[in-house]
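*Asks:* Below you will find the structure I want to go over with you.
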Amino acid sequence: MFRSIHLILAIAFVCAHATLIVAQTQPVTISKSFDFRNGALGWQGGFADYPPDTDKNGFYQLTSEIRTLPPEVNPSGTGFFIQGNNHSDDLFMFLKRRLDATDGIVAGQTYQVTFTILFASNAQSGCIGIGGSPGDSVALGAGASPAEPEALQNSGPFESGWLRMNVDKNGGLAASGTGSIANGQPCNPSSSPYVSVQRTHQHTSPVNANARGELWLIVGTDSGFEGRTALYYQQINVTLTPVAQPLPVLISYADFRLNDTGRATALDSVNLLAEPLSVISDHNLSPDQRTRINLFAYNLELRAGEDKTAITVEAEDAQHQVYQLPVEAVTEVPNFNWISQVTVKLTDELQGRGNLAFRVKLRGLASSALPVSVN
């Protein structure tokens with residue numbers, strides 16, 4: 001049972017630190033412009049990387065709303081104001097927005113996402129602050145995900161009760177860095193007016209739209225400054241350019257030190273125990289007593305009209321004999337629905353094969369092979 005619990009935690013860890021995928025006939029580039037002088041335009045604010053139980057009496061000063069721009073900012077009007085006081089030494093403040101078929105998003109299509117972000121910041125360059133600079137130590141990032149970015153309460157043994165994101169926003173799959181919020185003005189503690197800053201950024205990972213034809217944009221700041229940060233987002237423009245489908249990725253699991261083992265995360269679908277896995281078991285719910293296992297992968301978003309038959313799984317033994325395994329189900333991992341759980345049946349010819357190299361394929365494109373022990 002310890003192995004089971006450990007692996008479930010490992011999946012969550014890998015989910016929070018992992019890229020993205022597909023194509024369509026004659027795909028088109030999509031351009032969207034969001035000027036917050038016209039209101040929120042479907043964008044929502046959120047906060048993560050802090051323990052909400054400690055936010056007593058507004059301790060973190062968390063605010064996100066459409067607000068009139070400071071008088072020194074041109075053009076005048078309103079912006080999407082977001083504010084927080086980084087008492088957790090890790091505060092993440094973000095905006096998110098869903099795009100769907102009405103915006104031209106195609107299910108299963110892979111996009112390269114480029115942002116132009118205009119925001120007003122009063123954090124001057126080169127200043128010294130608690131824990132870091134109020135401007136240079138607050139990183140701005142942007143990206144996209146097939147899953148809705150959400151701050152979820154951590155219930156595991158590490159940082160229990162903290163809100164953590166369900167997507168990797170630290171230079172990873174869902175968001176990548178585009179500089180700091182420093183506004184380029186020399187440090188002057190006696191006066192800190194807001195100045196408009198523009199950043200252009202191409203997200204480093206290609207992004208798949210999910211099987212429902214949805215894709216979520218995310219823009220946010222990670223703070224190393226242990227004080228108050230308050231920004232006005234003025235405009236966010238985004239271009240989504242269709243690109244070729246990248247390979248699926250089969251997820252490995254981490255050991256108790258959170259080091260990657262390089263072995264596939266494979267769990268018995270009934271008792272959730274890990275390798276070694278037996279082909280035949282008296283302790284499952286299947287009349288044939290054959291074990292079903294759950295594998296976990298991403299970059300498996302389906303196109304419109306596709307089903308699990310687009311996904312195949314194979315295992316290769318030490319003699320390079322390849323076995324095709326029946327795929328019985330493909331489902332999204334709850335709260336981490338950019339990850340797919342692929343349930344396959346272990347077939348009789350796998351008995352006693354020991355370490356087998358497993359691959360998952362989407363439309364013939366294969367992931368790297370990761371070992372699973374089968375007896």
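The values are calculated or read from the model by the stated rules, or taken from the named source; none is laboratory data. All values reported here derive from a predicted model rather than from experimental measurement. No Cβ is skipped: glycine too gets one built from the backbone with ideal geometry, and neighbour counts run over all protein chains shown.
*Asks:* Among the residues of region 37-74, which ones are assigned to a loop (DSSP other than H, G, I, E, B), within 29 Å of S191 (Cα to Cα) and of a type in the set (A, V, I, L, M)?
*Replies:* Within region 37-74, L62, L69, V73 qualify.
*Asks:* Let me ask you something else. Could you please find all residues in region 180-195 being at pLDDT 95 or above and not polar (S, T, N, Q)?
*Replies:* Passing the criteria: I181, A182, G184, P186, C187, P193, Y194, V195.
*Asks:* May I ask you to list the residues in region 315-353 that are closer than 18 Å to S252 by Cβ and more than 29 Å from the chain's Cα centre (by Cα)?
*Replies:* E316
*Asks:* Take L302 and decide whether it is farther than 25 Å from Y111 by Cβ and buried (at least 21 other Cβ atoms within 10 Å of the Cβ).
*Replies:* On the way: farther than 25 Å from Y111 by Cβ: no; buried (at least 21 other Cβ atoms within 10 Å of the Cβ): yes.
No.
*Asks:* What pairs can you find where one residue is in region 39-68 and of a type in the set (K, R), the other is surrounded by 14 or more Cβ atoms within 10 Å (Cβ to Cβ) and not in a strand (DSSP E or B), and their Cβ atoms are less than 9 Å apart, with a gap of 6+ or different chains?
*Replies:* Correct list of pairs: empty, since none qualify.
*Asks:* Sticking with this one: Between L346, L285, which is in contact with a Ser or Thr (Cβ under 8 Å, 6 or more places away or on another chain) and more than 30 Å from K169 (Cβ to Cβ)? Full working, then the answer.
*Replies:* Working: L285 fails: in contact with a Ser or Thr (Cβ under 8 Å, 6 or more places away or on another chain).
It is L346.
*Asks:* Out of (1) in contact with a Pro (Cβ under 7 Å, 6 or more places away or on another chain); (2) at pLDDT 95 or above, what's the single condition that is false for N375?
*Replies:* Going through (1) in contact with a Pro (Cβ under 7 Å, 6 or more places away or on another chain); (2) at pLDDT 95 or above one by one, N375 breaks only (2).
*Asks:* Looking at region 223-253 only, could you name the residues that are within 30 Å of Y60 (Cβ to Cβ), assigned to a strand (DSSP E or B) and modelled with pLDDT under 95?
*Replies:* S223
*Asks:* If we keep just the residues of region 311-340 that are among the hydrophobic types (A, V, I, L, M, F, W, C) and in contact with a Lys or Arg (Cβ under 6 Å, 6 or more places away or on another chain), which is surrounded by the most Cβ atoms within 10 Å (Cβ to Cβ)? Give the derivation first.
*Replies:* Within region 311-340, the first condition is being among the hydrophobic types (A, V, I, L, M, F, W, C), and the residues that meet it are 311, 313, 315, 318, 322, 325, 327, 329-330, 333, 336, 338-339.
Right, trim to in contact with a Lys or Arg (Cβ under 6 Å, 6 or more places away or on another chain) and you get 327, 330.
Working: V327: 19, V330: 21.
The residue in question is V330.
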